[in-house]
1. Count, please, the residues in the stretch 24-36 that happen to be closer than 15 Å to residue 68 by Cα and either away from the ligand (no atom under 11 Å from the Cβ) or free of Cβ contacts under 8 Å to residues at least 24 places away in the same chain (or both).
2. List every residue pair whose Cβ atoms sit under 7 Å apart, with the two residues 6 or more apart in sequence or on different chains, where the first one lies in the stretch 161-182 and is part of a helix (DSSP H, G or I) and the second, anywhere, is modelled with pLDDT of 95 or more and not hydrophobic (A, V, I, L, M, F, W, C).
3. I'm trying to understand the selection: among the residues of the stretch 1-48, which are surrounded by 12 or more Cβ atoms within 10 Å (Cβ to Cβ) and basic (Lys, Arg)?
4. What do you reckon, is residue 42 at pLDDT below 95, more than 18 Å from the chain's Cα centre (by Cα) and more than 14 Å from the ligand (Cβ to nearest atom)?
5. Do we have residue 217 as farther than 22 Å from residue 146 by Cβ and surrounded by fewer than 19 Cβ atoms within 10 Å (Cβ to Cβ) here?
6. Restricting attention to the stretch 206-243, which residues are among the hydrophobic types (A, V, I, L, M, F, W, C) and more than 15 Å from residue 187 (Cα to Cα)?
7. Please specify each residue of the stretch 145-199 satisfying the condition of being on the phi > 0 side of the Ramachandran plot and modelled with pLDDT under 95.
Amino acid sequence: MISMIYNPWHGCHRFSSGCQHCFIFSMDAKYGRDPSVVVKTKRFDILVKKNRHNEYVFKTTNEPIYTCLSSDFFIEEADQWRNDVWEMIKERNDLQFYIITKRINRFKQCIPNDWQYGYDNVTIILTIEDQACLDKRLPIFVKLPIKHKQVNCEPLLEALDFKEYLSLGDVKLVSVGGESGYDARVLDYQWVLDILSQCIRANVSFRFKQTGANFLKDGKYYRIPKAEQHSQAKRSAIDYIMED
Ligand code: SF4
């Protein structure tokens with residue numbers, strides 16, 4: 001489960017099929033906000049704020065800091081603010097930042113001048129939901145200078161063929177999950193097992209994160225309540241974690 005979140009900006013545009021039921025749109029509708037307007041959040045500089053004892057307000061932790069979950073870190077509208085965030089990330093080398101993106105095509109124009117082979121405390125997680133996205137994004141991702149790479153197939157919408165890419169580009173972990181919500185699209189357990197096999201063949205770690213709300217297993221459909229989606233996936237005990 002995600003425990004630490006840092007959202008420097010909020011708002012996004014649908015980018016591909018995985019965005020269809022993005023939570024931002026329903027959440028913003030509830031609060032009467034326009035989700036397509038990208039704005040800096042009030043917590044933009046929380047990473048470097050200090051209290052009167054000169055201690056960081058955002059405490060050191062071993063938990064990953066999931067960064068920019070209410071937008072995409074590489075969205076165009078944030079080009080004007082991103083360098084300030086990179087500076088804060090550099091200063092807070094006591095924290096590990098996990099940045100999840102679909103816009104990996106913009107990566108090279110969005111990194112700071114001193115990025116070189118990547119920052120030690122940054123993991124970039126590429127999101128892939130179907131084969132068309134994989135074919136477009138993964139060939140770019142595997143070639144990029146990033147120290148820690150993961151792939152997140154969530155919501156997984158169909159079977160995926162990773163071709164040769166898992167063996168190529170230092171991807172350390174592939175995680176898989178379904179979609180939540182009333183209209184959730186189905187997650188077929190067979191697709192999950194198929195990705196697991198590809199990871200084992202390529203010596204890449206694999207995690208089945210959650211089943212989603214609409215789960216198909218052995219020809220039978222299951223509605224899984226939100227509170228049980230992670231535990232149901234865990235119960236399958238198919239995670240394959242390689243030692244570093
Ligand atoms: S890119 Fe991410 S945040 Fe943006 S609409 Fe798609 S799912 Fe939502």
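1. Of the residues in the stretch 24-36, 0 are closer than 15 Å to residue 68 by Cα and either away from the ligand (no atom under 11 Å from the Cβ) or free of Cβ contacts under 8 Å to residues at least 24 places away in the same chain (or both).
2. Short answer, once both residue conditions are applied: 165/139; 166/198.
3. Answer for the stretch 1-48, where residues must be surrounded by 12 or more Cβ atoms within 10 Å (Cβ to Cβ) and basic (Lys, Arg): 14, 33, 40, 43.
4. No: the conditions fail for residue 42.
5. Spelling it out, residue 217 is indeed farther than 22 Å from residue 146 by Cβ and surrounded by fewer than 19 Cβ atoms within 10 Å (Cβ to Cβ).
6. Narrowing the stretch 206-243 to residues among the hydrophobic types (A, V, I, L, M, F, W, C): 206, 208, 213, 215-216, 224, 227, 233, 237-238, 241-242.
Result: 206, 227, 237, 238, 241, 242.
7. Those that are on the phi > 0 side of the Ramachandran plot and modelled with pLDDT under 95: 170, 181.
Okay, residues lined up against (1) more than 27 Å from residue 89 (Cβ to Cβ); (2) surrounded by fewer than 17 Cβ atoms within 10 Å (Cβ to Cβ); (3) acidic (Asp, Glu):
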{"residue": "113", "(1), (2), (3)": "no, yes, no"}
{"residue": "132", "(1), (2), (3)": "yes, yes, no"}
{"residue": "163", "(1), (2), (3)": "yes, yes, no"}
{"residue": "179", "(1), (2), (3)": "yes, no, yes"}
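The values are calculated or read from the model by the stated rules, or taken from the named source; none is laboratory data. All of these numbers come straight from a predicted model, not from anything done at the bench. Backbone-built Cβ (ideal geometry, glycine too); neighbour counts: all protein chains shown.
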